[in-house]
Every structure is written in C-alpha cells, then in structure tokens.
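Engineer: My questions will all concern the structure given below.
The values are calculated or read from the model by the stated rules, or taken from the named source; none is laboratory data. In this text, all values refer to a predicted model and were calculated from it rather than measured experimentally. We place every Cβ from the backbone using ideal geometry, glycine too, and count neighbours over all the protein chains shown.
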Amino acid sequence: MPNPIPTPALARSVPPLYKGKPQEVAGTTYHAQLSEIFREKIYSREWKADSKIPSEHQLMERFGLSRGTVRHAIKTLVDEGLLVQRHGKGTFVTEFGISHPAGIRPISFAQSLHDQGKDFITLVLDKKVLPAPVDVARELEMEEGGKALFLRRVRLVEGVPLICQESWTNLAVCPGYEKVRFEEEPAFDAAQRCSGKKIAYSRIRTTARLAGVEHGRYLRCDESAPLLVLEQTIRFSDRTPFEWSLTWLSSGQAVVGDAVQE
C-alpha cells in the first residue's frame with residue numbers, strides 16, 4: 001500500500017502543496033496550481049471573507065505569470081463560489097460555510113470509528129512544534145509565537161484513506177502532548193491525560209470544499225472531488241481552548257448530531 005505524499009515545510013497555518021510561485025509539475029497547469037494557491041489563501045483566512053484580493057496586475061507581478069493565467073485561476077474560484085467579481089470594484093472573497101448552534105460535543109473520529117466496529121490505521125504525516133501563527137493564536141486564545149503542536153494525520157479503513165485531520169494544539173495547556181505517539185493513542189485521550197482536564201465543548205463549522213491538489217493526494221481522490229470539511233475549536237470543561245482543527249472527510253461519509261431548539 002503506497003504511503004500518502006509527505007507535506008513540504010510549513011509556511012503558514014495549514015501549508016499548501018505549492019510554496020511560493022507555481023512550478024513546472026508534470027500533468028499540472030500553471031493556472032491549476034495558482035487556483036490551489038488562491039484556494040489555500042482563502043481556507044487559511046490569509047484572504048479574509050469579504051476582503052478584496054490583489055489586482056490582476058499585482059498577482060501577475062507576484063507570481064510571474066501572464067494575465068490570461070491569472071484570469072483563468074480567478075475564474076476557477078469564481079465558478080466554485082469562493083470569489084465574486086464586483087463591477088468597477090474588483091474581486092472579493094465570499095463568505096463560505098454556515099455555522100450552526102446544534103451540537104457542542106467535540107467530535108472524536110477515532111471514537112466514532114471504534115463505535116462503528118471499524119478497524120483503522122492512523123498515519124502521522126506531520127508532527128512539529130512551531131510558533132503559533134496569528135490565526136492559530138486567535139483561535140486558541142494564546143500568545144502569538146507561543147509553542148504549539150501542528151499535527152497532520154490520515155485515518156485509513158481497510159487500506160482506504162477516509163479522513164485527513166490537521167490540528168494545532170496549545171502546548172502551554174497540554175504539557176508533554178508533543179511526545180505522544182498518535183499512531184497508538186487517540187488525541188483526545190492524550191490531551192486529557194497531559195492536561196489533567198476533561199474535554200467538554202467545541203464550536204463546529206462545516207463547509208463543502210474541493211479537495212485540491214494536496215488533499216486529493218492525501219485522500220487519494222481527484223483534486224476536483226467535493227469533500228466535507230469540519231473546523232473545530234475544542235475546549236476543556238473550564239472553557240480553555242486547546243485545539244483548533246480541520247478535518248477533511250472523503251465522499252460517502254456524514255456527520256450526524258442532535259439539535260435542541262432554544
């Protein structure tokens with residue numbers, strides 16, 4: 001069974017496959033690579049919702065590509081609904097995803113697979129202690145540059161990759177967490193053991209996204225395949241946030257919960 005392709009060095013919160021300018025890659029066009037770079041800027045919130053992106057001319061200079069290539073990449077994201085062009089004003093990032101108040105219980109995918117009687121293997125693709133970027137620090141209510149663990153895991157069931165999880169954890173509230181062997185111990189169990197606290201709450205945001213080149217390779221699916229992506233900010237019982245994560249689910253999966261009308 002071939003292993004997923006390892007990620008390159010981290011450049012920001014969840015790094016893209018292509019770092020810097022698009023490069024010559026067999027079977028991949030420049031505009032497809034540029035679309036992937038733009039997509040990651042939106043997903044990582046470097047380009048924030050409702051903000052204006054750089055002009056075509058600025059993007060041409062930044063990436064050293066032709067106007068036609070830049071326009072093609074922008075049109076791809078407009079067609080996906082991630083960008084919108086406003087006449088006379090420029091191109092803006094749309095608001096993607098809808099937040100619902102239903103379900104504050106943190107989702108443990110390891111526990112979910114176990115409860116369904118599924119045998120699974122966890123592959124750790126990335127595990128690095130890094131200074132917390134500004135967006136991570138904001139989500140985890142920690143100091144920018146403080147020590148945080150970036151972790152990327154892929155879960156396989158019967159040899160098929162179903163889940164790719166990317167998370168940041170504040171090590172100040174989970175001492176020793178960076179030493180955990182996540183192939184053997186579930187992350188939630190480890191977090192409770194290291195902190196001495198109980199995991200109790202999460203805020204969940206669900207979006208539908210295209211896999212893109214990077215996550216298509218991790219999950220062995222086409223880069224244009226639609227995936228369900230869950231963003232969770234997870235807190236202990238004392239409301240201290242300790243983990244911010246993105247979980248990419250391959251097709252054929254669902255997230256089910258109970259809703260209470262207040």
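Engineer: Of all residues in segment 211-262 being under 17 Å from the mean Cα position of the chain (by Cα) and of a type in the set (G, A, S), which is modelled with the highest pLDDT?
Structural biologist: Applying the filter and picking the extreme gives S245.
Engineer: Of everything in segment 64-98, what is assigned to a helix (DSSP H, G or I) and modelled with pLDDT of 90 or more? Give them in sequence order.
Structural biologist: R67, G68, T69, V70, R71, H72, A73, I74, K75
Engineer: Moving on. Could you run through segment 173-189 and say how many residues are at pLDDT 95 or above and surrounded by fewer than 16 Cβ atoms within 10 Å (Cβ to Cβ)?
Structural biologist: 4
Engineer: Of the numbered conditions (1) surrounded by fewer than 19 Cβ atoms within 10 Å (Cβ to Cβ); (2) in contact with a strand residue (DSSP E or B) (Cβ under 7 Å, 6 or more places away or on another chain); (3) closer than 24 Å to S250 by Cβ, G159 satisfies every one except a single condition; which is it?
Structural biologist: (2)
Engineer: Please enumerate the residues belonging to segment 185-217 that are outside any helix (DSSP H, G or I), without any contact (Cβ under 8 Å) to a residue 60 or more places away in the chain and among the charged types (D, E, K, R).
Structural biologist: Within segment 185-217, E185, K197, K198 qualify.
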